[in-house]
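Quick notes on the structure that follows.
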Amino acid sequence: MSKVYFASARTERWDYKDSLPGKLEKLLREFDLTRYFEKDEWVAVKTHFGSEGAHRIVRPVFLRKIVDGIKSVGAKPFVTDTVRIKGLDYLEVANQNGINHLSCGAPVVLADGLYGRDNILIPAGEILGEVAVSSVIHDVPAMVLCTHAKGHIQAGYGGAIKNLAMGGVSSKHRIHGWEKGRGAMHTIGEGILNWFSDKCTFCYQCEMVCPLGAIDFVETPNGGEILQWDKEECWRCGRCVRVCQSEALLLPGDDVRFMKSLAEAAASVLSTFSDKKVIYINFLTEIIPECDCMPAADVPVIQDQGILIADDPVAIEQATLDILLKAKPLPQSAADDKEIREGDDILFKINQKPYHIQIEEAEKLGLGSRKYSLVNL
Ligand code: SF4
Ligand code: SF4
C-alpha cells in the first residue's frame, strides 16, 4: 500500500514552520528525496504555467521550495511545461504569473520547444496507438510532477493523471499533427469542429481564445456572418468549445473514451522513466471549477485543503479526491450557483463528468493503487 504524505493548509500558529511553504519544506524532507534523485541528475519540475488571466496556479513560492529541495540532494532541477499557446507567448505568460528563473531558482524551459513540435512518438494503448511525448519529458531521467488539483469541464477533475497525459504530450506532432497529440484525447474521428449558427450569439469568445487563430468570422453576401475554421491549423485543444456559453460549438467526443485515454497517455509518459524516478505533489489549493489553461480563473469552489506528496500517481489522486469530496462547497462560488451541498460529489455536480474513470483506468494499467495510507505531517 502506498504512503501519501499530507500537510494541511490550516495554520494554527503565526510561525513560518506552520505556513504552507514551511510545511512543504518539511514534507520534502520527510519524504526524503535522496530515495529518488541522484547527485548531478537533471530533474524536471513539471508544472502548468497557467494562462493570461488564470492566475490560480501552483504558486512560484512552492516551485521554489521544490527546486531548493532537489538542489539540497545535489540534483539539478529545472521548471518546465509543454506549450499551450505559441511558445514565446507561453514563456511570457509564465513570467507574468511569476514563474521565471529568478523566482524559481532554476531555469524555466519549454518541454516541447517554441513551436510545441519537439516530441517523440512512443507506443500508447488501444485507444491512442501512439502519442507524441515532449522531448524534454521523454529524455529527462527524473521528474517532480507538480499538479494544481481542480475541476475541469471535460475531465471533471484535473489532477496528476491529467497533468501527466495532457501535460506530457504535445499538442501536435511534426508529421502526424494533432492525431498523435493531445487532440487525440479530446476528440474522436476526424475531430471536425461543428458550429451551430442558430445557437451562436456572435460573442467571438471562441475566436479570441483560439491560440492558433484557427477561427475567424467572415461576412456573408447577405450581411450576416459565418464561422470559418482552419481544419489544418487547429490542434483540437477544445478551448473554443469550452468558452462557448451557448453550446454553439461541438468537437465530437466520448467521455468514457476521454477518461481512459488520459490514463493511457499518462502510462505512455511514465514509460519513459525508470521505476521510482517520478514523484507527485498535488496542491489542493485555490480549487477552481475549471482548468488552468482557461482565459480566466473563477473563485475557488472548495477551501484550500493542503499539499499531498507520493510516489504513486493513483494513490495521490485517490487521496486528493477523498479529501476534496469531504470538503464543504464554498459560498459565492460556482458550487453555490449550482446549489451543491456538503456531502454531494461536488466535482461531478459542477461539470457532470465521470472523472473517477481516469483513476480506475490508471490503476488497471498498473500505474499504482487506489489503496493508500495517509501520513499526516
Ligand atoms: S480546438 Fe478551437 S481553440 Fe483549439 S486550436 Fe482548434 S479552433 Fe482553436
Ligand atoms: S463562443 Fe460560441 S456563441 Fe460565441 S461566437 Fe463562438 S460559437 Fe458563437
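What pairs from K23/K277; K71/K276; K46/K338; K162/K276; K26/K371 go past 26 Å between their alpha carbons? The answer is K46/K338. For the chain, a crude dipole built from +1 on the beta carbon of Lys and Arg and -1 on the beta carbon of Asp and Glu, taken about the Cα centre, is about 1080 debye to the nearest 20.
If R0 equals 56 Å, the separation of the Cβ atoms of M208 and M1 corresponds to a calculated FRET efficiency of about 0.70. A Cα-only calculation for segment 227-352 places Rg and Dmax at 17.2, 49 Å.
According to the Kirkwood relation over distinct C-alpha pairs, the hydrodynamic radius of segment 191-250 is 11.7 Å.
Applying the criteria of a DSSP loop state and at most 13 other Cβ atoms within 10 Å to the trypsin sites (Lys or Arg not before Pro) of segment 221-276 yields K231, K276. Taking other C-beta atoms within 10 angstrom as a stand-in for reagent exposure, D118, D216, D15 fall in the order D15, D216, D118, fewest first.
Once both labels are positioned 7 Å from their Cα atoms along Cα-to-Cβ, the gap between R35 and Q96 label points is 4.1 nm.
For the chain, no complete DSSP H run has alpha carbons reaching 27 Å or more along its own long axis together with a mean Kyte-Doolittle score of 0.0 or higher.
Specify whether the C-alpha gyration tensor of segment 299-377 places it in the rounded, prolate or oblate class, a ≥ b ≥ c being the square roots of the eigenvalues: rounded for a/c under 1.5, otherwise prolate if a/b is larger than b/c and oblate if not. Taking the square roots of the gyration eigenvalues as a ≥ b ≥ c, segment 299-377 is oblate. For L377 and S246, the difference between the fully extended length at 0.36 nm per residue and the C-alpha to C-alpha distance is 42.6 nm. Of the residues M208, C240, N222, the one whose Cα sits farthest toward the positive end of the charge dipole of segment 191-250, with +1 on the Cβ of Lys and Arg and -1 on the Cβ of Asp and Glu, is C240. Note on the chain: Cα-only Rg and Dmax are 20.1, 69 Å.
Can you pick out the pairs among K65/K172; K17/K328; K39/K180; K180/K364 whose Cα atoms lie more than 28 Å from each other?
Those over the limit are K65/K172; K39/K180.
In vacuo Debye scattering of segment 57-185, one point per C-alpha: log10 I(q)/I(0) at q = 0.12, 0.15, 0.18 Å⁻¹? Computed log10 I(q)/I(0) values: -0.47, -0.74, -1.04.
Once the Cβ-Cβ distance of S274 and K338 is raised to the sixth power relative to R0 = 35 Å, the FRET efficiency obtained is 0.20.
Estimated from helical segments only, the mean residue ellipticity of the chain at 222 nm is -8500 deg cm²/dmol, where each DSSP H run of four or more residues counts as -39500 (n - 2.57). Could you compute the longest span of the chain free of GluC sites (Glu not before Pro) located in DSSP loops and having at most 11 other Cβ atoms within 10 Å, not counting the site residues? Looking at the chain, 13-125 is the longest stretch - no exposed GluC sites (Glu not before Pro) with at most 11 other Cβ atoms within 10 Å. Label separation (V61 vs W42): 3.1 nm, computed from points 7 Å beyond Cα along the C-beta direction. Taking label positions 7 Å along the Cα-Cβ direction at both A296 and E233, the computed distance is 2.5 nm, reported to one decimal. Stretching the chain fully between S369 and N194 yields a gain of 59.1 nm (0.36 nm per residue, less the alpha carbon separation).
Simple point charges give the picture: +1 on the Cβ of Lys and Arg, -1 on the Cβ of Asp and Glu, and for segment 211-270 a dipole about the Cα centre of about 320 debye.
Values in this text are rule-based calculations from the coordinates and carry no lab data. Given the structure is predicted, the values throughout are model-derived calculations rather than measurements. Here Cβ is always computed from backbone atoms with ideal geometry, including for glycine, and neighbour counts include all displayed protein chains.
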